[in-house]
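Undergrad: This is the structure I want to talk about, given as structure tokens.
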Amino acid sequence: MTTSFQDKLNIIKEIDDGMKQVQAVKKYQLLQSMIATFLKKREQIEEAANYNEINPQRKRLKVATNENTDTAVDSILINIEK
């Protein structure tokens, strides 16, 4: 089962508020290792949310590595057309 970014933030918040990981496993029907990974990557998840880097409905925390993607794609297309 894939979990949206918003669900990951909710799980982290509930655990911060006192919910046990075992309770979260039962409530969200996830593996304990998945919840542990959310907690391990909490800084990255929260930082991305604070800077609005990602859509909350996304499932993975991957952002573009090249900020000039449009320029790169345009140059490739121009070279192909020649």
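Values in this text are rule-based calculations from the coordinates and carry no lab data. A quick note: this is a predicted structure, and the numbers were derived from the prediction, not measured. Cβ placement follows ideal geometry from the backbone for every residue including glycine, while neighbour counts extend to all protein chains displayed.
Undergrad: By average Cβ neighbour count within 10 Å, what is the ranking of 3-12, 20-29 from highest down?
TA: So the peptides 3-12, 20-29, ranked by packing, come out 3-12, 20-29.
Undergrad: At 0.36 nm per residue, and after removing the present C-alpha to C-alpha distance, how many nm does the segment from S33 to T3 gain when stretched out fully?
TA: 9.5 nm
Undergrad: Multiply the residue gap between V73 and K13 by 0.36 nm, knock off their C-alpha separation, and tell me the result in nm, one decimal place.
TA: Answer, rounded to one decimal: 17.7 nm.
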